[in-house]
Each structure stands twice: as C-alpha cells, then as structure tokens.
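For reference, the structure discussed in these notes is given below.
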Amino acid sequence: MTLTKFDLRGKVAVVTGGNGGIGLGCATGLAKAGADIMIWARNEAKNKAATELLRGLGVRAQSVAVDVTDADAVLRAVEETTQSLGGIDIFIANAGTNIRKRPEVLTVPEWDQIMEVNVTSVFHACKAIYPKMKLRGRGKIIVIGSLSGSLGFGISPAYAASKAAVDNLAKSLAVAWGPDNIQVNSILPGWTITDMTVQTRTIPSINEQILQRTPAGRWGTPDDYEGVAAFLASSASDYVTGVSIPIDGGFSNTLLIVQAPTQ
C-alpha cells in the first residue's frame, strides 16, 4: 500500500536558515518526500552547498540570500519564491540565534536582538506568506521552537523566552488561520548536534548530564527531524494543528534515569 498522503511532489517549501543544521535536516526530509525547496538564509556559500545537496534528491532547489529580520527583504523573497517555483505551500520558520549570558549581565540590545530574530521575524514572514497560502486554499507552517521554551534556562534566558513566545505564536496562528485550511504546528528540538551547540558539547560535565537524562542515550542529529517535518508538511497532518512536538530523545519526560537492578 502506498501512503500517498505523505507525498509532497508538486509542493513548494520555504525553509529559513535551511542551509545547515536542523533547517537542512527538515529541508532534506521534505525533499525526500518530493517537495521543491527554497532556502532563505544569509550565507551564500552554505546556500549553494545545501541546494546542490537537495537537487541530488531529484527536486528543484533554490536559495535567496535574505536577512529574515528585514521585513521588506522578506516580502521580496516571498515574491521571488512565488515567481521562481510557482507558489508557497509549506513554510518552515527555522532561523534563530542565541546569546549565552546570565540574566544579570544580558544587555537590553542583546535581548532585543534575540527577540527580533527568533520571534518578530517569524511573525513578519508568516504574515507575508499567509496571503499566498490563503489564495491557494491550503498551507502548512512549521515553527522551530525549543525544549528550552518550556523549561528554565538560566544561561540563556532570552533564548528560552523567545522560544516560549514563538511556540505560542504558532498556536495562535493555528487558531486564526485554521478556517483558511492552514495548519500551524511547532517542533521543539532537544539537545541536537548543530553549530549552535558546539560549545555545550565540549564541556564534559554538561555533556554527561545531558546524556544521562536522555533515554535515547545520545544527542539528536539533523536527520532526526526529517520524518516529523515531512509529516507536518503533508496532507497526512491535515487535522493536526496548534501542536508542539518535542524531538529530544525523551529528555523532556525524564527527571532522572534510574536503571532497575538486574535479576
């Protein structure tokens, strides 16, 4: 039996920050399901490498060098994507940033920078894409939140607050745009091997704590996001909206791993 509801052929997906890490993992999952991909990201060299990789999967893949915090640039990117690939069916808001500082030393400009990238830019992009999806009579929006948005994160309070905000934004958009047949959901990554977590992974004591609390016993990798992203982008999830899905190897469900004694 062929599960045609998971087939994304003929669909166009935009992925912000899709040239590496979790964003590229999501883009790869969608491309494997047949979707054409447009990457919005600033680093043109990484964009080129990512699009070449995606084209190798047999889909159309292009990129636009765009700063997602520039609302006018995002509007231009929407039009360029529509003209180049024929429309926008799927939007993955993945671009994000972090500044690791305790709250007493974090500056207001640093706070504002994180909020602008992680929350405000997502709002602007979703608002810009909404008319295109409404006109097509359907749409899928996937927001990349974070496990830290539902837990305290003393070394990155602005990041945690921004991810809590963007997760609730996704829920609010799901309510507002559900009547337009647009489903909006969020993915909450746990500890994942990306450029953003290099520093954390190099501290043995912290790395060990993370592994001890994670039932899967390992860090996540970008390809762990392929399947969930493809599901949320497909018609198989047409009755799923306003949902937050953790991808964390069980970390968020675990206070402490206690091994039962062997008999």
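Figure legend. Inter-residue proximity from the range 225-237: first residues at negative phi, second residues surrounded by fewer than 19 Cβ atoms within 10 Å (Cβ to Cβ) and of a type in the set (Ser, Thr, Tyr), beta-carbon distance below 9 Å, spacing 6+ or different chains. Indicated pairs: 235/4. I'd like the residue in the range 166-205 that is exposed (fewer than 14 other Cβ atoms within 10 Å of the Cβ) and free of Cβ contacts under 8 Å to residues at least 40 places away in the same chain and, out of all such residues, is nearest to residue 238 (Cα to Cα). Going through the qualifying residues, I end up with 179. Does the range 67-88 hold any residues that are touching a residue at least 40 places away in the same chain (Cβ under 8 Å) and in contact with a helix residue (DSSP H, G or I) (Cβ under 7 Å, 6 or more places away or on another chain), and which are they? Across the range 67-88, the qualifying residues are 68, 69, 71, 74, 75, 78, 82, 87, 88. For the range 131-146, taking the residues that are surrounded by fewer than 20 Cβ atoms within 10 Å (Cβ to Cβ) and in contact with a helix residue (DSSP H, G or I) (Cβ under 7 Å, 6 or more places away or on another chain), the one that is farthest from residue 173 (Cα to Cα) is identified as 132. Scanning for something in contact (Cβ under 8 Å) with a residue 40 or more places away in the chain, of a type outside the set (Lys, Arg) and buried (at least 21 other Cβ atoms within 10 Å of the Cβ), does the range 150-158 turn up at least one residue? Within the range 150-158 (the criterion being in contact (Cβ under 8 Å) with a residue 40 or more places away in the chain, of a type outside the set (Lys, Arg) and buried (at least 21 other Cβ atoms within 10 Å of the Cβ)), the answer is yes, since at least one residue qualifies. Scanning the range 18-52 for residues that are of a type in the set (D, E, K, R) and in contact with a Gly (Cβ under 7 Å, 6 or more places away or on another chain) yields one hit, 46. Quick check on the range 206-242: of everything there that is over 16 Å from residue 254 (Cβ atoms) and among the charged types (D, E, K, R), which residue is surrounded by the most Cβ atoms within 10 Å (Cβ to Cβ)? In this case the residue turns out to be 224. Cβ-Cβ distances below 6 Å connect the following pairs, each with a first residue in the range 32-56 that is over 20 Å from residue 232 (Cβ atoms), a second residue that is of a type in the set (Ser, Thr, Tyr), and a separation of six or more residues or different chains: 47/63; 51/63. Can residue 129 be described as under 23 Å from residue 239 (Cα atoms), modelled with pLDDT of 95 or more and either outside any loop (DSSP other than H, G, I, E, B) or basic (Lys, Arg) (or both)? When the stated conditions are applied, residue 129 passes them.
The values are calculated or read from the model by the stated rules, or taken from the named source; none is laboratory data. Keep in mind that what you see is a predicted model, and the values were worked out from it rather than measured. All Cβ positions, even for glycine, are placed from backbone atoms using ideal geometry, and neighbour counts span all protein chains on display.
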